[in-house]
Structures are given as C-alpha cells and as structure tokens.
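Enquirer: Have a look at this one before I ask anything.
The values are calculated or read from the model by the stated rules, or taken from the named source; none is laboratory data. On a predicted model such as this, the values are computed, not experimentally measured, just so you know. Methodologically, a virtual Cβ is constructed for each residue, glycine included, from the backbone with ideal geometry; neighbour enumeration extends over all protein chains shown. Please note that ligands, DNA and RNA were not included when accessible areas were found on the heavy atoms of the full protein model with its side chains. Shrake-Rupley method; radii C 1.70, N 1.55, O 1.52, S 1.80 Å.
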Amino acid sequence: FSFRKLWAFTGPGFLMSIAYLDPGNIESDLQSGAVAGFKLLWVLMLATIIGLLLQRLAARLGVVTGLHLAEVCNRQYQKAPRIILWLMVELAIIGSDMQEVIGSAIAINLLSVGKIPLWGGVLITIADTFVFLFLDKYGLRKLEAFFGFLITIMALTFGYEYITVKPDQKKLLQGLFIPYCQDCGTPQLEQAVGIVGAVIMPHNMYLHSALVKSRQVNRANKREVQEANKYFFIESCIALFVSFIINIFVVTVFAEAFFEKTNADVNAVCVNTSSPHSALFPNNNETLEVDIYKGGVVLGCYFGPAALYIWAIGILAAGQSSTMTGTYSGQFVMEGFLNLRWSRFARVLLTRSIAITPTLLVAIFQDVEHLTGMNDFLNVLMSLQLPFALIPVLTFTSLPSVMNDFANGL
C-alpha cells in the first residue's frame, strides 16, 4: 500500500460522491429525520453501502475495458434498447439538474433574506454554466480540488448544525445498527423508499465508469489493473464515508430537534423570535412538515439566525457541486450512446435550459411549497430510472467477454 499512489488515484470517487450530497439527498435526509426520527438511519447506511458496491462495479468496468458504461452499451446492445437507455439516463440527468437549480434558488433566497425572489435565484443558476466551463479549462485536478472544497464546506456547515443541536448519540447508534422501525406507517415507508431513490442515482454509474479513465493505466499489465481497481475502491470508500457522515448530520439534526413537533410548536417559537417566516407554520396541531426551505427557517427560529444562514450556505454548496455531476454525465452519455461529440458549452446550455424552464415557471407562478415539492417527485423519478443503469452495469461486469479475468462471477 502506498499513500502516494492513493493520492494519484484520488479524485474520481470524490467527484462521484457529490451525487450523494445533492439538494435532493439533503431534502430526503431532513424529511426522514422529521418524520421517522432516528429510525431510518439504517436504511441510509444500507443504501450507501449498496451504492458503494455499484460504484465499485462501474469503476472496474472503466478501468478494465478502457471504456465507460455508455460506450460498452453502444457496443453490446442493438439500436432500440440503446436509444431507450439513452433517453432514460438523459431524463435522470435533467431531473438531477432540476434539483440543483431548486436547491441553489432556495439557498440564494434564504441568504438574501427574501430580497432575491425564487425566480431570481433560478436565473442566477444560469451562471453555474459559465463558472463550471471556466474551471474546466484549468484541468481535471484543479476541478477535483474545487469540488473537494465544496464538500468541505458542506461538512463544516452541516457539522455546525449537528454540534448546535447535539443529537442523542445512543438513539443515533440504535438507528444505524438496529434494522427496525417501531410504530412506523405509510409516511415512514415512503421516506425509506425516498432515501434509496435519493442516494443511488442511475447516471452516477455512467459518470464514475468514465471518470476513472482520467488516470493512466496499462491495461495489458494485469497487476497494474488490479492495483488501479484497489486504489479506486479505497478512494470510493473514503469519499462515500464522508458523504454518509454529512447525510447523518442532516438526518440527526432534524430527528433530534423536530421529530413529532406540530405546526403550533414551531409557530410559537418563530413568533417569540420575531421571525419574518412565522406565517409558514399555521397555528394548528398538525405534524410539522419540512423541506429545504422550511428546514432552514425552523433552524433559524430554534437556534438563531446563524443556523439559518449556515444551513443556506451548505445547501448552496450542495447545489453548486451537483452541477458537475449532470454536466459530465450528460457529456459521457451522449458521446457513448450516440457517438455524438458536442462542445461542453453546448451540452451544458441544453441540459440547463431544459432543467430551468419548468423550474422557473413553478418559481414564478407558484410558491416555495410547490418548488420544494418538485424535489420529492424527482427523487421518485430517480428510483424509476435505476434499472436502466443497474441492469447494464451488473450484466457487463459479470461477462468474461467484456471483463476478461476481472469478470464479477456473481
């Protein structure tokens, strides 16, 4: 084992792990904490472990064959299934981009104390395109460092909320290691399914299989291929462990502070602190329902304005970082399935335009409730798209004709 070699292979796994920290994930985390307390932490852990195993297979495919998943699909499938797969993955990429736009718009609205309306935040996210393209010119290692910086911001901001709220450590450990959900009903089951859809993203397997190609590996040398597989797996373990810890921060903060709270409880606290957002919570005994926007507001009411702004910075970092996931995935998928090479600028512009249009319409003509409600719908969409990535990656990694001596065997 060599730390120098691990450092040389470090990067693709952290870029891939961003998909485990996008605004859709954060919303799923906070809702599962508010609805089920600590009881669904084991679902989050299992989903992350399954995600790690699938990412390992995707990375192995890229390292062993020198082709990413979309390119292998192009070679192995007939035209009809190839086009269907491409359309399904594109749908997942657009859905992911919409979540990034929604998260960034809400974060900008919170940070500006409502002075920048939601539709204004949506328009500002167009600038992501140019920022990303500007960074991309400086090389992949610089880009990897930048997104490492954004992950660090998320760890610090959500870690601050965790330290401020001080969740019960015993309940946390029980939730992680006891796969049981006492007194759970339909809402808790829906959250459990939502966690899986938010964590395991279909287009992320296409992305990871392509990112590993950025490192030079002599595929004629079996030992070098084994070594690359080993270090990419170690790096993926570290990256997903970091993302898992950040997700735990969010779940446990809302499980500790807001589980079984009513609208009246929160309304009373917000009124006492003279929060301008008190009207969000009607004075009734219905169970509190939270989303990314309300989550920041209730944190501000209970733990001071600093908690609200730090939460918003974390959401903004999550939204900005997940831009890369959709952009790179879209490029690799289009090139692989269609043999169509577009400039990155044109590719980003197309995806972002498709993502922004419905989001902008909802932001202008509806309210924040409908905007954040789109995140729940998009998490369900991700769940429905999963087979279109799972079946190819599981199939190809088990075929000796594709993987040679590195076939899965299961």
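Enquirer: If ASN272 passes every condition in (1) free of Cβ contacts under 8 Å to residues at least 40 places away in the same chain; (2) farther than 30 Å from GLY148 by Cα; (3) surrounded by 18 or more Cβ atoms within 10 Å (Cβ to Cβ) but one, which one does it miss?
Expert: (3)
Enquirer: A follow-up question, please. Quick one: which helices (runs of 4 or more DSSP H) sit completely within the range 206-316 and have at least 1 residues that are under 19 Å from PRO12 (Cβ atoms)?
Expert: The qualifying helices (runs of 4 or more DSSP H) are 222-258.
Enquirer: Sticking with this structure for a sec: Please find, among LEU46, LEU57, LEU67, LEU53, the residue that is outside any helix (DSSP H, G or I) and closer than 30 Å to GLY409 by Cβ.
Expert: Unique residue meeting the criteria: LEU67.
Enquirer: Criterion first (closer than 25 Å to LEU41 by Cβ, open to solvent by 10 Å² or more (accessible area, probe 1.4 Å), β-branched (Val, Ile, Thr) and in contact (Cβ under 8 Å) with a residue 60 or more places away in the chain) does ILE292 satisfy it?
Expert: no
Enquirer: Regarding the range 27-45, can at least one residue be identified that is free of Cβ contacts under 8 Å to residues at least 12 places away in the same chain, surrounded by fewer than 24 Cβ atoms within 10 Å (Cβ to Cβ) and of a type outside the set (D, E, K, R)?
Expert: Checked against the condition, which is being free of Cβ contacts under 8 Å to residues at least 12 places away in the same chain, surrounded by fewer than 24 Cβ atoms within 10 Å (Cβ to Cβ) and of a type outside the set (D, E, K, R), the range 27-45 yields no hits at all.
Enquirer: So ILE84 fits all but one of (1) open to solvent by less than 20 Å² (accessible area, probe 1.4 Å); (2) closer than 12 Å to ALA389 by Cα; what number is the exception?
Expert: (1)
Table: residues versus (1) hydroxyl-bearing (Ser, Thr, Tyr); (2) farther than 30 Å from ASN404 by Cβ.
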site: ALA228; (1), (2): no, no
site: PHE232; (1), (2): no, no
site: PHE241; (1), (2): no, yes
site: ILE245; (1), (2): no, yes
site: PHE258; (1), (2): no, yes
site: THR262; (1), (2): yes, yes
site: VAL269; (1), (2): no, yes
site: ASN272; (1), (2): no, yes
site: PHE281; (1), (2): no, yes
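Enquirer: Enumerate the pairs (first residue in the range 304-325 and in contact (Cβ under 8 Å) with a residue 24 or more places away in the chain; second residue anywhere and part of a helix (DSSP H, G or I) and among the aromatic types (Phe, Trp, Tyr)) with beta-carbon separation below 7 Å, excluding pairs fewer than 6 apart on the same chain, so at least 6 apart or on different chains.
Expert: What qualifies is ILE310/TYR160; GLY314/PHE158; SER321/PHE147; THR323/PHE132; MET324/PHE132; MET324/PHE147.
Enquirer: With ILE391, ILE364 as the choices, which residue is open to solvent by 80 Å² or more (accessible area, probe 1.4 Å), modelled with pLDDT of 75 or more, under 22 Å from GLN78 (Cβ atoms) and in a helix (DSSP H, G or I)?
Expert: ILE391
Enquirer: Shifting gears a bit: Could you check the range 130-186 and list, in sequence order, the residues that are over 29 Å from ALA306 (Cα atoms) and not in a helix (DSSP H, G or I)?
Expert: Listed by number, the residues that qualify are LYS137, TYR138, GLY139, ILE178, PRO179, TYR180, CYS181, GLN182, ASP183, CYS184, GLY185.
Enquirer: Would you confirm whether any residue within the range 124-139 is more than 30 Å from GLU71 (Cα to Cα) and either open to solvent by less than 70 Å² (accessible area, probe 1.4 Å) or hydroxyl-bearing (Ser, Thr, Tyr) (or both)?
Expert: There is at least one residue in the range 124-139 that is more than 30 Å from GLU71 (Cα to Cα) and either open to solvent by less than 70 Å² (accessible area, probe 1.4 Å) or hydroxyl-bearing (Ser, Thr, Tyr) (or both).
Enquirer: Within the range 163-187, work out how many residues are of a type outside the set (A, V, I, L, M), surrounded by fewer than 19 Cβ atoms within 10 Å (Cβ to Cβ) and touching a residue at least 40 places away in the same chain (Cβ under 8 Å).
Expert: Number of matching residues: 12.
Enquirer: Here are ALA8, ALA59, ALA19: which of them is crowded, with 24+ Cβ neighbours inside 10 Å, over 30 Å from CYS184 (Cα atoms) and not aromatic (Phe, Trp, Tyr)?
Expert: The unique qualifying residue is ALA59.
Enquirer: Got a number for residues in the range 81-129 being in a helix (DSSP H, G or I), among the hydroxyl-bearing types (Ser, Thr, Tyr) and within 13 Å of THR359 (Cα to Cα)?
Expert: The total comes to 2.
Enquirer: What are the residue pairs meeting all of these: first residue in the range 72-84, first residue of a type outside the set (Asp, Glu), second residue outside any loop (DSSP other than H, G, I, E, B) and open to solvent by 50 Å² or more (accessible area, probe 1.4 Å), Cβ atoms under 7 Å, and 6 or more apart or on different chains?
Expert: Matching pairs, first to second residue: CYS73/ARG82; ASN74/ARG82.
Enquirer: Select from the range 212-247 the residues that are within 23 Å of the chain's Cα centre (by Cα), open to solvent by 10 Å² or more (accessible area, probe 1.4 Å) and not charged (D, E, K, R) and list them in ascending order.
Expert: The answer is SER214, PHE233, ILE234, CYS237, ILE238, PHE241, VAL242, PHE244, ILE245.
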